[in-house]
Amino acid sequence: MPSPIPITLPLPTSAERSRLLSVDAIRRRALERLYERRSAVQDLIRSLEDYQRSKDGRVAECVIFGARRKCQSSFVRSRI
């Protein structure tokens, strides 16, 4: 079996290196922005989950009182 023929690639010129570094910087910054957005979305989700949990304890209980229906949440009862 013949040995593989080595392929030599030309070295990039200064302009090509500059362009490659520029593309790399653009990609790095885009990735940083994605991480920042992910962090903001995670904070928003956490806040919404906390809000939902706080609302779960405030479900109104209703009773018929005479001809009227009266509702009172557990949150209000805890303040009485």
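Remark: Glu16 falls outside the filter, which requires a residue to be in a helix (DSSP H, G or I), surrounded by 10 or more Cβ atoms within 10 Å (Cβ to Cβ) and at pLDDT 85 or above. Of Ser3, Ser78, which residue is part of a loop (DSSP other than H, G, I, E, B) and modelled with pLDDT under 75? Testing whether each residue is part of a loop (DSSP other than H, G, I, E, B) and modelled with pLDDT under 75 leaves just Ser3.
The values are calculated or read from the model by the stated rules, or taken from the named source; none is laboratory data. Predicted model only: the values in this text are computed from it and were never measured. Every residue, glycine as well, gets a Cβ built from its backbone with ideal geometry; the counts of neighbours run over all protein chains shown.
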